[in-house]
């Protein structure tokens, strides 16, 4: 019953130190979004809703994404970036809680938001020339991407 501590017995503690360093690295890579996870999930659902609503005329976002409808390069570019960053990386970041994915989501959603504003602008400026203006789905998707940009930026900057 007179047990000595490992350092008193002269045992090597390098294995324990290595294990603790590995645990610290794993903890540093993770995020804890808290309530912001709910906001991000609502943003993801808004992107899905935007893809189901009309973007330009009767063309919905998912039709532009898969190439069924063609209304120009900018709405198509926005559908691709919104789906990639607003859906795929956001869902992966929410499920894995990896800081790197949260950071990629923040940057990618910001790029997608700029693409979306650009797509709306070209639709509105082209409306004077007889081109159909932006639909509610396009506007909803842009608002969702702006929301996701700020949410992921807040999450990735706080890291826990």
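Each peptide among 65-75, 37-47 gets the average number of other Cβ atoms lying within 10 Å of its residues, and from highest to lowest they stand as 37-47, 65-75. Potential lengthening of the chain between residue 14 and residue 111 amounts to 30.4 nm, from the contour at 0.36 nm per residue minus the alpha-carbon distance. As a length-normalised measure over Cα pairs under 8 Å and 6 or more apart, the relative contact order of the stretch 33-158 settles at 38 percent.
On the principal axes of its alpha carbon atoms, the stretch 33-158 extends 47, 23, 20 Å, with the longest extent given first.
Taken together, the values in this text are just the output of simple stated rules run on the coordinates, not laboratory data. Computed from a prediction, not measured in an experiment: that's the story for all the values here. Using ideal geometry, Cβ is built from the backbone for each residue, glycine included, and neighbour counts are taken over all protein chains shown.
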